[in-house]
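As structure tokens, the structure follows; a few thoughts come after it.
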Amino acid sequence: MRNIYNIITDGFDGIGLDERLFIVTVENSMVTIKRPDGGQKSQIFLRIVAGNLISFEHRNELFPNIAWNFICQAFQREFI
């Protein structure tokens with residue numbers, strides 16, 4: 001699997017937004033994306049086995065559904 005931050009960048013590129021406008025954190029197997037004002041957030045929970053992305057779950061409060069789908073598709077492309 002590629003670097004998680006590169007995958008996130010691909011997702012943001014797909015929706016035409018600069019991820020630097022958001023607070024993006026990666027802790028263990030959870031990606032959290034928040035607005036700088038600390039309001040809503042979206043999360044992706046990754047299941048990684050032996051360095052391979054097996055599956056993920058997500059919760060979206062921040063983006064319109066079509067934009068969130070583009071971000072999630074960046075992770076889907078990493079499935080083995």
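Structure summary
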| quantity | calculated |
| --- | --- |
| Residue match in the stretch 6-16 (condition: hydroxyl-bearing (Ser, Thr, Tyr) and closer than 15 Å to residue 74 by Cα) | yes |
| Count - residues of the stretch 30-80 that are farther than 17 Å from residue 15 by Cα, of a type in the set (S, T, N, Q) and outside any strand (DSSP E or B) | 1 |
| Enumeration of residues in the stretch 51-60 that are surrounded by 14 or more Cβ atoms within 10 Å (Cβ to Cβ) and farther than 10 Å from residue 30 by Cα | 53, 60 |
| Odd one out for residue 48 among (1) surrounded by 12 or more Cβ atoms within 10 Å (Cβ to Cβ); (2) out of contact with any Leu (no Cβ under 9 Å at 6 or more places or on another chain); (3) at pLDDT 90 or above | (3) |
| Residues of the stretch 1-12 satisfying the condition of being surrounded by 14 or more Cβ atoms within 10 Å (Cβ to Cβ) and either under 9 Å from the mean Cα position of the chain (by Cα) or closer than 16 Å to residue 68 by Cα (or both) | 4, 7, 8, 9, 10, 11, 12 |
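The values are calculated or read from the model by the stated rules, or taken from the named source; none is laboratory data. As the structure is a prediction and not an experimental result, all values here were calculated from the model. All Cβ positions, glycine included, derive from the backbone under ideal geometry; neighbour counts span all protein chains shown.
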